[in-house]
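For reference, the structure is listed below as structure tokens.
The values are calculated or read from the model by the stated rules, or taken from the named source; none is laboratory data. Everything numeric here is computed off the predicted structure, so don't read it as measured data. Cβ sites come from the backbone with ideal geometry, for glycine too, and all protein chains shown count toward neighbours.
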Amino acid sequence: MQPNTTKNFRPSGSSVLHNPGAMFELNNAKFEVSQVHKVECVVPWLNNTLIFFTISLQLCQQLKDKISVFSSFWNYRPF
């Protein structure tokens, strides 16, 4: 691919969408042209992977919150 070609990849459900395009300059004005068609490549494990990452991130956040609560008790001195 040429260096001035845009490469847009984004996950969509269990698929990865690719929207190719190009950028060029004409009379000191910059233009970006995007193709009308999209290429879809089905990745069956992508949806499960995103779900597992989301769940693990939520669990890590819960653990961090619990640790911060207990650490505030350890630093508390009533007298």
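Of all residues in region 34-79 being among the charged types (D, E, K, R) and part of a loop (DSSP other than H, G, I, E, B), which is modelled with the highest pLDDT? In this case the residue turns out to be Arg77. Close Cβ contacts (under 7 Å, 6 or more residues apart or on different chains) running from residues in region 14-33 that are at pLDDT 75 or above to residues that are surrounded by 14 or more Cβ atoms within 10 Å (Cβ to Cβ) comprise Lys30/Met23.
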